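All remarks here apply to the structure that follows.
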Amino acid sequence: MIYTITANPSIDYVIQLNQLTTGQVNRVKSDVKLPGGKGINVSRILAALDLPSTALGFIGGFTGDFIQQQLNNELVDCQFTQVPADTRINVKIKDAVEETEINGQGPAIPTAAVDVLKAQLNQLKPGDIVFMSGSLPPNLPASFYKDLVPLIHERQAEFVIDTTGQALLDTLADRPLVIKPNHHELAELFNTTFADHQAIIAAGRQLLTKGAQHVLVSMAGAGALLITPEHAYLGGTPKGTVINSVGAGDSMIAGFVGTFSQHHDALAAFKTSLACGSATAFSEDLATTAKINDLLPHIEITQID
Ligand SMILES: Nc1ncnc2c1ncn2[C@@H]1O[C@H](COP(=O)(O)OP(=O)(O)OP(=O)(O)O)[C@@H](O)[C@H]1O
Ligand SMILES: O=P(O)(O)OC[C@@]1(O)O[C@H](CO)[C@@H](O)[C@@H]1O
């Protein structure tokens, strides 16, 4: 079983307009409200791939009820812990030129709710995978996700923490199943800029040496790299029109983890992950099953090292 933990879920209020002008009233062309938060996005993509998962995390208030209701409609199993204050609303504004995001802070999480979440990890079985991602509500310590790793390892389960910077480096010794920095995040990690794919591959290999089991490096419209100790593969993006790339990274990692959990085949997992990422970028909401299946035959992977 795959579990996702979203400490700070959101309703994503996605607005499309012709042009965003600050300091005046802007009228939207279309809008949609979606259950959001990185772990929840992973659970939704896994459902689109027909793979079960259980979504854990903290929700509260009318916004939390909306998320629960939407996930029930999509048959995503949820074991959220209720907190007193409302779950946040994140605003995603897409105009003809760019995407602007305004993400809320999120509610305070009482200690008792943290204890409930920790106790839920007692249900883990050997081989389960726990995916943790997204910002932390203001009162939780920066080490919140990492502190759950010993509880996960106690049950012989695997983990993935989608994070960046020092927090990413700090997880490596615990052998995360996969890490997926984008190329900007990877460059920042090494305080450098990459001249070519070979430079990215060399940096990725260092993260493998430090303990990551698999390294994916996403490059938005330029696709992604899968880096193994022996080889490196470049995956492209299929043709399509970008509508809303929010969640493309979550979709990519969901595709990888979900497929890998089934077949333990990293290349097959990479192919699905590319289809999921692009299918989300080409949709207003996250990728659907139909969109992923449409794109899968058009994903090209080349061994480049
Ligand atoms: N413009 C695009 N066109 C086609 N595919 C895309 C596009 N943007 C993203 N993707 C797909 O999604 C994958 C992940 O995207 P990206 O590199 O932007 O991740 P990210 O930085 O984690 O994204 P985000 O934080 O926006 O979710 C890419 O490797 C690619 O396969
Ligand atoms: O504020 P955080 O937790 O860093 O990011 C939250 C968020 O932007 O991430 C998802 C896309 O990856 C969205 O569904 C959600 O609104």
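Explain nothing, just compute: Karplus ³J(HN,Hα) = 6.51 cos²θ - 1.76 cosθ + 1.60, θ = phi - 60°, for every residue of the range 286-299 in order, whole Hz, x for Gly and Pro.
5, 4, 9, 4, 4, 5, 4, 5, 4, 7, 3, x, 9, 8
Considering the Cα trace of the chain, what is its radius of gyration and what is Dmax, both in angstroms?
Using the Cα atoms of the chain, the pair Rg, Dmax is 18.6, 55 Å.
Tell me which aspartates and glutamates have Cα within less than 13 Å of K125's Cα, excluding those fewer than 8 residues away on the same chain?
E154, E158
If the cut-off is 18 Å between C-alpha atoms, which lysines fall inside it for K146, apart from same-chain ones fewer than 8 positions away?
In chain and number order, the partners are K38, K118, K180, K210.
Explain nothing, just the number: relative contact order of the range 82-218, from Cα pairs under 8 Å at least 6 residues apart, as a whole percent. Intermediate values should be presented prior to the final figure.
Details: 178 pairs, mean separation 24.4, N = 137.
In percent, rounded to a whole number, it is 18.
If you take the square roots of the eigenvalues of the alpha-carbon gyration tensor of the range 131-179 and sort them as a ≥ b ≥ c, do you get rounded (a/c under 1.5), prolate (a/b over b/c) or oblate?
Numbers: a/c = 1.92, a/b = 1.33, b/c = 1.44.
Oblate is the answer for the range 131-179, as a/c is 1.5 or above yet b/c matches or exceeds a/b.
Which of the chymotrypsin sites (Phe, Trp or Tyr not before Pro) found in the range 174-274 are loop residues per DSSP with 14 or fewer other Cβ atoms within 10 Å of their Cβ?
On the way: sites: F190, F194, Y233, F256, F260, F270; in loops: F190, F194.
Those that pass, being in a loop and sparsely packed, are F190.
Considering Cα pairs under 8 angstrom that are at least six residues apart, work out the relative contact order of the chain and quote it in whole percent. If you can, show how the numbers build up before the last one.
Values: 649 pairs, mean separation 46.4, N = 305.
Value for the chain: 15 percent.
Which of these, G23, G39, G258, has the largest mean-square fluctuation under a Gaussian network model of the chain (Cα springs below 10 Å)?
Among G23, G39, G258, the largest mean-square fluctuation in the Gaussian network model of the chain belongs to G23.
Roughly how many whole Å is it from the C-alpha centroid of the range 38-70 to that of the range 164-242?
Here the answer is 27 Å between Cα centres.
Using only DSSP helix segments of four residues or longer, with each worth -39500 (n - 2.57), what per-residue ellipticity at 222 nm results for the chain after dividing by its residue count and rounding to 500? Kindly include the intermediate steps, with their values, before the conclusion.
Values: 10 runs with 112 residues, N = 305.
For the chain, the value works out to -11000 deg cm²/dmol.
Cross-link candidates for K92: which aspartates and glutamates have Cα within less than 19 Å, leaving aside residues fewer than 8 places away along the same chain?
Cα-Cα hits under 19 Å: D12, D31, E101, D250, E284, D285.
Tell me, what ³J(HN,Hα) does each residue in the range 220-235 have, in order and in whole Hz, if you take phi through Karplus 6.51 cos²θ - 1.76 cosθ + 1.60 with θ = phi - 60° and put x for Gly and Pro?
6, x, 8, x, 7, 10, 10, 10, 10, x, 8, 9, 9, 10, 9, x
Give the long-range amide H neighbours of A287: residues separated by 5 or more places, or on another chain, with amide H under 5 Å away, using H modelled in the peptide plane at 1.01 Å from N.
Result for A287 returns T280.
Semi-axes, largest first, in whole Å: what does sqrt of 5 times each Cα gyration tensor eigenvalue give for the range 3-137? Let's see the in-between values first.
On the way: eigenvalues 176, 58, 28 Å².
Semi-axis lengths for the range 3-137 are 30, 17, 12 Å.
Any read-out appearing in this document is the output of simple, stated calculations on the displayed coordinates, not a laboratory observation. In this text, all values refer to a predicted model and were calculated from it rather than measured experimentally. Ideal geometry is used to build each Cβ from the backbone, glycine not excepted, and the neighbour counts take in all protein chains shown.
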